[in-house]
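What follows is calculated from the coordinates using simple rules that are stated; it is not laboratory data. Every value quoted in this text rests on a predicted model; they were computed, and no experiment measured them. Neighbour counts are summed over all protein chains in view; Cβ atoms, including those assigned to glycine, are modelled from backbone coordinates with ideal geometry.
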Amino acid sequence: MHHIIILILCIVILTASLLFRLNEAELYLFGFKWPLRCFLYHTVGIKCAICGLTRSVCSLAHGNFQQAVKFHLLGPAIFALICFQLPYRIYALIINPKRMSRKLIKINSLFAVIILIAIFVNWLVYLGGLIL
């Protein structure tokens, strides 16, 4: 069941990233400005660990790598993880999750853990830059 949920979530993220349009760091959906903002940044003025990630993924979906890295340094790695989930989850659903290769499961888990750690480290570096 979790394979279906993650697959649907990744499809929604990739579809949304293709539908969103960027105009000077503002997101638009069907011509309407996207109203959601980072609560932490707009109330306290400190970027959260994933600030800019939506804009980064949208930039990558539209083929703009340089802009994506400017929005969030780890955007390309997260975009790659999301894209990798599509064939991985489809394979898991078609094959039987119990027969999945342990090596493939470990690679997927390791990639996700490394990205999570990198997001946290990136955020600490950002916060350290504010303090200095």
Mind checking which helices (runs of 4 or more DSSP H) fall wholly inside the range 25-132 and carry at least 2 residues that are of a type outside the set (S, T, N, Q) and within 22 Å of residue 8 (Cα to Cα)?
53-61, 75-94, 102-131
With respect to residue 73, determine if the residue is under 30 Å from residue 25 (Cβ atoms) and touching a helix residue (DSSP H, G or I) at 6+ places or on another chain (Cβ under 7 Å).
yes
Hey, can you tell me all the residues within the range 17-53 that are surrounded by fewer than 16 Cβ atoms within 10 Å (Cβ to Cβ), touching a residue at least 24 places away in the same chain (Cβ under 8 Å), under 29 Å from residue 124 (Cβ atoms) and not β-branched (Val, Ile, Thr)?
25, 48
Tell me whether the range 55-65 contains one or more residues that are surrounded by 15 or more Cβ atoms within 10 Å (Cβ to Cβ), in contact (Cβ under 8 Å) with a residue 24 or more places away in the chain, charged (D, E, K, R) and in contact with a His (Cβ under 8 Å, 6 or more places away or on another chain).
yes
Could you tell me which numbered condition residue 75 fails, if it satisfies all but one of (1) of a type in the set (Gly, Ala, Ser); (2) free of Cβ contacts under 8 Å to residues at least 12 places away in the same chain; (3) closer than 27 Å to residue 7 by Cα?
(2)
Go through the range 14-24 residue by residue and tally those that are assigned to a loop (DSSP other than H, G, I, E, B) and of a type in the set (Gly, Ala, Ser).
0
